[in-house]
Amino acid sequence: MNDSHLLLSIAVLGGTGKEGKGLAYRWARAGYHVRVGSRSAEKAVIAANEIREMLGEGISIEGMSNAEAAKDANIVVLTVPYSAHRETLESVKADLQGKILIDVTVPLVPPKVATVQMPAAGSAAQEAREILGEGVQVCAAFQNIGYDHLLDNSEVECDVLVTGTSKEARAEAIKLVQAAGLKGWDAGPLENSVVVEGMTSILIGINKKYGSTHAGIKITGASQ
Ligand SMILES: NC(=O)c1ccc[n+]([C@@H]2O[C@H](COP(=O)([O-])OP(=O)(O)OC[C@H]3O[C@@H](n4cnc5c(N)ncnc54)[C@H](OP(=O)(O)O)[C@@H]3O)[C@@H](O)[C@H]2O)c1
């Protein structure tokens with residue numbers, strides 16, 4: 001990875017939650033400037049301080065409102081439940097223009113979370129694209145990565161399929177996948193996110209059926 005990427009700041013909206021906090025931890029560990037976002041700035045500061053305590057003073061991480069976090073970040077990552085997806089995106093739409101959004105959202109509809117239930121737009125990431133308009137490059141990534149090993153330093157046995165609205169945006173997202181200690185694959189246009197988001201329900205079902213917590217996927221027969 002080119003070191004100039006470490007100058008980028010990454011906002012993690014909903015970064016107080018399970019998946020977002022784990023990703024924020026991994027990117028802070030890699031040396032990025034991380035902005036943890038929340039509906040409550042106070043809650044975000046607590047989450048950022050917890051990560052600093054885990055990693056030590058040398059890291060660059062701050063907590064603030066989602067709007068503040070999105071405003072001055074270079075890349076914005078969305079990690080909120082699907083029920084909060086539209087509302088959160090609409091609240092930061094203006095601040096995202098000209099940037100890359102990495103959408104981690106899976107459109108789970110409780111209680112049938114092990115059943116694939118896609119929204120009318122095709123996928124959550126395509127819905128994000130509709131909400132944000134053409135001024136934002138949207139990628140979808142990390143949907144198959146369970147949160148439970150992100151906050152420790154274990155190897156995560158799951159690859160990351162990255163879809164997105166341009167090759168360039170996907171390449172930027174893959175750099176963040178690698179910085180998080182994971183293997184990323186360019187999985188093509190944003191329309192393909194339907195498969196990746198849907199795969200999460202299948203993995204949740206496998207976890208339930210076989211008593212595991214972190215079933216994952218790996219690309220075989222190809223190398224990079
Ligand atoms: N958990 C996983 O293993 C995992 C794996 C892959 C993908 N994902 C996807 O990642 C996303 C986040 O999952 P998670 O497990 O991290 O969720 P979570 O912990 O339940 O929630 C994440 C954050 O979203 C914000 N939030 C919750 N309800 C909200 C609402 N009604 N309106 C606005 N913000 C709200 C909260 O932040 P504030 O209260 O601080 O605003 C919360 O800390 C989901 O779409 C999920 O499908 C999760």
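The table below gives the values:
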{"read-out": "Stokes-Einstein translational diffusion, segment 141-182 - Kirkwood Rh over all Cα pairs, 0.692 mPa s, 37 °C, in µm²/s", "value": "300"}
{"read-out": "Between segment 176-214 and segment 62-107, the Cα center-to-center distance that results, in Å", "value": "20"}
{"read-out": "FRET efficiency, Ile46 to Asp186 (Cβ-Cβ, R0 41 Å, nearest 0.05)", "value": "0.70"}
{"read-out": "Most mobile listed residue (Ser65, Ser123, Ser212) in the chain, GNM with C-alpha springs under 10 Å", "value": "Ser212"}
{"read-out": "Cα-only Debye scattering, the chain: base-10 log of I(q)/I(0) at q = 0.10, 0.12, 0.17 Å⁻¹", "value": "-0.39, -0.58, -1.24"}
{"read-out": "GNM top mover of His85, His33, His149 - the chain, alpha-carbon springs below 10 Å", "value": "His149"}
{"read-out": "GluC sites (Glu not before Pro) lying in DSSP loop within segment 105-143, provided at most 16 other Cβ fall within 10 Å", "value": "Glu134"}
{"read-out": "13 Å beta-carbon shell around Ala125, net charge (K/R +1, D/E -1)", "value": "-2"}
{"read-out": "Förster radius 22 Å - calculated FRET efficiency between His214 and Gln178 (Cβ-Cβ, nearest 0.05)", "value": "0.65"}
{"read-out": "Relative contact order computed over the chain (Cα-Cα under 8 Å; 6+ residues apart), in percent", "value": "18"}
{"read-out": "Semi-axes of the equivalent ellipsoid for segment 1-115, Cα gyration tensor, largest first, Å", "value": "23, 16, 14"}
{"read-out": "Net charge contributed by nearby residues that have their C-beta within less than 11 Å of Gly146 (K/R +1, D/E -1)", "value": "-2"}
{"read-out": "Convex hull volume per residue in cubic angstrom - Cα atoms of segment 120-224", "value": "115"}
{"read-out": "Summed side-chain charge close to Ile174 - residues other than Ile174 whose Cβ falls under 12 Å, Lys, Arg +1, Asp, Glu -1", "value": "0"}
{"read-out": "Point-charge dipole on Cβ atoms (K/R +1, D/E -1) for segment 30-168, about Cα centre, debye to 20", "value": "420"}
{"read-out": "Difference of contour (0.36 nm per residue) and Cα-Cα distance, Ala171 to Ser223", "value": "17.1 nm"}
{"read-out": "Extreme residue, positive dipole direction of segment 76-137, given options Met118, Gly133, Val76 (C-beta unit charges)", "value": "Met118"}
{"read-out": "Loop-located trypsin sites (Lys or Arg not before Pro) in segment 24-133 whose Cβ has at most 16 other Cβ within 10 Å (DSSP)", "value": "Lys112"}
{"read-out": "Gaussian network model of the chain, Cα within-10 Å springs - most flexible of Asn153, Asn66, Asn192", "value": "Asn153"}
{"read-out": "For segment 70-147, projected area of the alpha-carbon convex hull averaged over all directions, nm²", "value": "5.2"}
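Taken together, the values in this text are just the output of simple stated rules run on the coordinates, not laboratory data. As the structure is a computational prediction, the values presented were derived from the model and not from experiment. Here Cβ is always computed from backbone atoms with ideal geometry, including for glycine, and neighbour counts include all displayed protein chains.
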